[in-house]
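Below you'll find the structure, written out as structure tokens, and then a few comments.
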Amino acid sequence: MTMPSNDEMREALKGVIDPELGYNIVDLGMIYDVEIIDGNVVVTMTLTTPGCPASEMIQGGVSECLAMMEGIRSVTVNLVWEPAWGPEMMSPDAKEHFGVNA
């Protein structure tokens, strides 16, 4: 059984949409790290604000999205607040979409 690569997992995570912004969490810059060891994935991520009302939905989406991939046995989501999210973390496509000049 082959393990998905970091790039494959990040690509899959583009299917998780922040419901408030209507854009995927990868291009929004919310995924800080994705690590897989023996089929166990640890995702280190943040949200746009600490009080984000969609927190559980987004974290659940991350877990569900990755758990469907072949070779993944478990998914742990570590929610962190440092570094704090800012619009400068967005991909060039997301910045263009939202009109951010960072």
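Read the figures in this text as sums done on the coordinates, not as results from a lab. Bear in mind that the values here come from a model prediction, so they are computed numbers and not experimental data. Cβ: placed from backbone, ideal geometry, glycine included. Neighbour counts: every protein chain shown.
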Inset, instruction - Measure nothing but the geometry: give the 0 to 90° angle between the long axis through the Cα atoms of 55-67 and the longest principal axis through the Cα atoms of the chain, rounded to 10°. - result: 40 degrees
Inset, instruction - Would you please give the residues with an amide H less than 5 Å from that of residue 32, counting only those at least 5 places away or on a separate chain, with H modeled from the backbone geometry? - result: 44, 45, 46
Inset, instruction - Output ³J(HN,Hα) for region 76-84: one whole-Hz value per residue in order, computed from phi by the Karplus curve 6.51 cos²θ - 1.76 cosθ + 1.60 with θ = phi - 60°, and x for Gly and Pro. - result: 10, 10, 9, 8, 10, 10, 10, x, 5
Legend entry - Farthest toward positive dipole pole in the chain [+1 Lys/Arg, -1 Asp/Glu at C-beta], among 97, 45, 19: 19
Inset, instruction - Determine, for each peptide in 16-28, 89-101, the mean count of other beta carbons within 10 angstrom over its residues, then list the peptides with the highest first. - result: 16-28, 89-101
Inset, instruction - Could you tell me what percent of the DSSP beta bridges with both partners in region 6-83 are antiparallel, to the nearest 5? - result: 55 percent
Inset, instruction - Could you tell me which of 30, 55, 71 has its Cα farthest along the dipole of the chain towards the positive end, charges placed at Cβ (Lys, Arg +1; Asp, Glu -1), taken about the Cα centre? - result: 55
Legend entry - 222 nm mean residue ellipticity, helices alone, for the chain (DSSP H n ≥ 4; -39,500 (n - 2.57); rounded to 500): -8000 deg cm²/dmol
Legend entry - Correct choice for P(r) over Cα pairs in 5 Å bins from 0, in percent that was computed from the model, options [x] 2, 11, 16, 18, 22, 20, 9, 2, 0; [y] 2, 10, 10, 12, 10, 8, 7, 6, 6, 6, 7, 8, 5, 3, 1; [z] 2, 13, 25, 24, 18, 11, 5, 2, 0: [z]
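Quick one: net charge around residue 15, please, counting Lys, Arg +1 and Asp, Glu -1 for every other residue with C-beta under 13 Å from its C-beta. Let's see the in-between values first.
On the way: positive: 10, 14; negative: 8, 11, 18, 27, 64.
Neighbour charge sum, excluding residue 15 itself: -3.
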